[in-house]
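S.K.: I am attaching a structure below and will ask some questions about it afterwards.
The values are calculated or read from the model by the stated rules, or taken from the named source; none is laboratory data. Because the structure is predicted, anything quoted here is derived from the model rather than measured. Don't worry about glycine lacking a Cβ; one is built from the backbone with ideal geometry, like all the others, and counts go over all protein chains shown.
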Amino acid sequence: MSTRMPSFEIMAELARSDPRAFEQLRKKLTQDAIAQVRGDVRRRRLQGLQFQIDMQRRKSANPLAGCIRISQMMSASLLELHQALSGLPSGTCISPKARCNTTNAKIINFPNHQNDECTTESELE
């Protein structure tokens, strides 16, 4: 039987007042969510991913560092998905700098309009 997800406010208060209980509840909710996934292969992949996430959190010096590590994992995964959907070979560099160097573009200035609500930095000084 799965545990019902408490509201954000309740989870935040539990994290502040009793971090151990919060961690136990987080693990239980995660395990319940993975257990509900259909298909052994998908379930095992999610368990493996959760293991990687837990190891990144454990290796991190503090919660913010853990969050950054997990965010980097997610970004790398999204990049891999983008490459697969774009038909790019694995490992292809598609950094913003690389994209900018492949195309020449003429930069044009837009005229200033007196009635615009926007101001430039020089107008603010």
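S.K.: Evaluate the following for GLN72: is it more than 23 Å from LEU29 (Cβ to Cβ) and modelled with pLDDT of 95 or more? Break it down into steps so the answer makes sense when it comes.
M.R.: Working: more than 23 Å from LEU29 (Cβ to Cβ): yes; modelled with pLDDT of 95 or more: yes.
Criteria met by GLN72.
S.K.: Is there any pair linking a residue in the stretch 30-59 that is within 23 Å of GLN72 (Cα to Cα) to one that is surrounded by fewer than 13 Cβ atoms within 10 Å (Cβ to Cβ) and acidic (Asp, Glu), with Cβ under 7 Å and at least six apart or on different chains, and which?
M.R.: none
S.K.: Let me ask something else about it. Counting only residues that are in contact with a Lys or Arg (Cβ under 8 Å, 6 or more places away or on another chain), surrounded by 12 or more Cβ atoms within 10 Å (Cβ to Cβ) and in a loop (DSSP other than H, G, I, E, B), how many does the stretch 1-53 have?
M.R.: 1
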